[in-house]
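What follows is one structure encoded as structure tokens, with my remarks underneath.
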Amino acid sequence: MNYEHELTEVPLLKLRNIHKYFGKVHALKGIDLDIYEGEIIGLIGDNGAGKSTLTKIIAGAIRKDSGEIYWNGRKVEIKNVNDARRLGIEVAFQEMTLIDSLDIGLNIFLGREPLNHKIRFLLDYNKMYEEARRILKQLGLRTWNNPKREVRFLSGGEKQGIVVARAMLFQSKLVILDEPTRNLSVAGVRMVLDFIKSLKEKKIACIFISHTLHHVYEVADRIVLLSLGRKILDVPKSQYTVEELENIIIEKTMKQDVSV
Ligand SMILES: Nc1ncnc2c1ncn2[C@@H]1O[C@H](COP(=O)(O)OP(=O)(O)OP(=O)(O)O)[C@@H](O)[C@H]1O
Ligand SMILES: [Mg+2]
């Protein structure tokens, strides 16, 4: 049921039968998901549906209990965040996006700081800030003029910008944004949605989690709905109006609720 891609391309990321337990809570009950290069997935679902859990598994922040993950057709084990980064997966988590007490430059290079070749084992701070400026400017972000600013002074939208800068600099293939538009102003939401569109232009795939269907609808190629740990909808956006999708989501979620 996977549309025009199926015969021509290998998915960038393919998940098969992913299960995750937290003690007695069966948080993910056999999730399958395919994501293609440059594709924007709008991941939606009620509180506790399993959205963050699924993306944390992809990002190496937590381990799955069973199931398979394929990257460009090759089976992989993502054991930690570094494994995910090496593959080209970049994440902004709901609750742990960036390190607030560090500055912009350090956040961009977090875990991948360049070393100073003259003085061994020392980080090359000059190079880091120079590169940070370059990439932020290129992205048209105001933060470029002061990469030594601590991240805690930035707005939500500006923080997202840092994640995008990271993705660009390290040539990520997949960016995961967990509720990036939550609590943002109208202008902030616009900025994030424009960022997501710019990822697409650069052929970077994105999983965009949100509770607001209208935000997801504007930028996503595909809408994926989780409910109580199961995927209950996976459709190309182009086939539906936002109102139609709204109705389908309500109907599907209600059905799922009474069946358990
Ligand atoms: N670290 C954890 N320990 C125990 N249970 C957890 C943990 N993380 C998630 N869960 C449980 O797993 C289920 C899925 O949670 P998850 O955070 O993935 O939902 P979500 O779809 O992201 O919800 P929200 O929209 O509220 O962010 C929930 O029942 C939640 O209580
Ligand atoms: Mg969540």
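Using 1/(1 + (r/R0)^6) with R0 = 41 angstrom and r between the beta carbons of D65 and K255, what's the FRET efficiency to the nearest 0.05?
0.95
Treating the beta-carbon of each Lys and Arg as +1 and of each Asp and Glu as -1, no other charges, what is the dipole magnitude of the range 124-165 about its Cα centre, to the nearest 20 debye?
So the dipole magnitude of the range 124-165 works out to roughly 120 debye.
Which far-off residues, 5 or more places away or on another chain, put their amide H under 5 Å from the one on I176, with H placed in the peptide plane?
Correct list: E90, V91, A92, I207.
H26 to R182: FRET efficiency via 1/(1 + (r/R0)^6), r the Cβ-Cβ distance, R0 35 Å, to the nearest 0.05?
Calculated transfer efficiency: 0.85.
Which three lengths, in whole Å and largest first, does the range 44-146 cover when its Cα atoms are put on their principal axes?
That works out to 46, 32, 25 Å along the principal axes.
Between N72, I44, L102, whose Cα lies farthest towards the positive end of the dipole of the range 18-113 when Lys and Arg beta carbons carry +1 and Asp and Glu beta carbons carry -1, centred on the Cα centre?
Of the listed residues, the answer is N72.
With θ taken as phi - 60° and the coefficients 6.51, -1.76 and 1.60, list the Karplus ³J(HN,Hα) couplings across the range 51-65 in order, rounded to whole Hz; mark glycine and proline as x.
Per residue, the Karplus-derived 3J(HN,Hα) values read 4, 5, 4, 4, 6, 5, 5, 4, 7, x, 7, 9, 9, 6, 8 Hz.
Just for the range 109-231, what percent of DSSP beta bridges are antiparallel, to the closest 5?
Here the share of antiparallel DSSP bridges comes out near 40 percent.
Tell me which residues come under 5 Å, amide H to amide H, from A27 once H is placed; ignore anything under 5 positions away on its chain.
Under 5 Å from the amide H of A27: K20, Y21, F22.
Report, in debye and to the nearest 20, how large the dipole of the range 122-199 comes out about its Cα centre when Lys and Arg carry +1 and Asp and Glu carry -1 on their Cβ.
It works out to roughly 140 debye.
Just to compare against my own numbers: the Cα pair-distance distribution for the chain, 10 Å bins, whole % per bin, please.
7, 29, 35, 21, 7, 1, 0
Karplus couplings for the range 217-225 from phi (6.51 cos²θ - 1.76 cosθ + 1.60, θ = phi - 60°), rounded to Hz, Gly and Pro as x?
Per-residue couplings from phi come out as 4, 4, 10, 6, 8, 9, 10, 10, 10 Hz.
Sort I249, I58 so the one with the fewest other Cβ atoms within 10 Å of its own Cβ comes first. Intermediate values should be presented prior to the final figure.
Values: I249 19, I58 24.
Listing I249, I58 from fewest to most nearby Cβ atoms yields I249, I58.
Skipping prolines and chain starts, which residues have an amide H placed within reach, meaning under 5 Å, of the one on L123, given they are 5 or more residues away or on another chain?
Counting only residues 5 or more places away or on other chains, the set is N116.
Once phi is turned into ³J(HN,Hα) by the Karplus curve 6.51 cos²θ - 1.76 cosθ + 1.60 with θ = phi - 60°, what whole-Hz value does each residue of the range 98-103 show in order, with x for glycine and proline?
Computed from phi, the couplings for the range 98-103 are 9, 8, 4, 7, 9, 7 Hz.
Rank H117, F22, A132 by how far each Cα sits towards the positive end of the charge dipole of the chain (+1 on Lys, Arg Cβ; -1 on Asp, Glu Cβ) and give me just the farthest.
Towards the positive end, the residue furthest out is H117.
Could you check the spin-label model distance between R190 and L123? Points 7 Å from the Cα along Cα→Cβ, value in nm.
Once both label points are built, they end up 3.5 nm from each other.
How charged is the neighbourhood of K231? Take every other residue with its Cβ under 10 Å from the Cβ of K231, and add Lys/Arg as +1 and Asp/Glu as -1.
After counting each charged neighbour, the total is 0.
Starting with the fewest neighbours, write out S210, S66, S52 ranked by other beta-carbon atoms found within 10 Å of each beta-carbon. Let's see the in-between values first.
Details: S210 24, S66 12, S52 20.
Going from least to most buried by this count: S66, S52, S210.
Among the GluC sites (Glu not before Pro) in the range 25-88, which ones are in a DSSP loop with at most 12 other Cβ atoms within 10 Å of the Cβ? Mind listing them?
E77
For the pairs K51/K148; K51/K127; K20/K202; K203/K252; K203/K231; K51/K75, note any where the Cα-Cα span goes beyond 30 Å. Intermediate results must be reported in sequence, preceding the final value.
On the way: K51/K148 33 Å; K51/K127 37 Å; K20/K202 32 Å; K203/K252 32 Å; K203/K231 25 Å; K51/K75 22 Å.
Those over the limit are K51/K148; K51/K127; K20/K202; K203/K252.
Every number here is computed from the coordinates shown, using simple stated rules; none is lab data. Values in this document were obtained by computation on a predicted structure and should not be read as measured data. Neighbour counts are summed over all protein chains in view; Cβ atoms, including those assigned to glycine, are modelled from backbone coordinates with ideal geometry.
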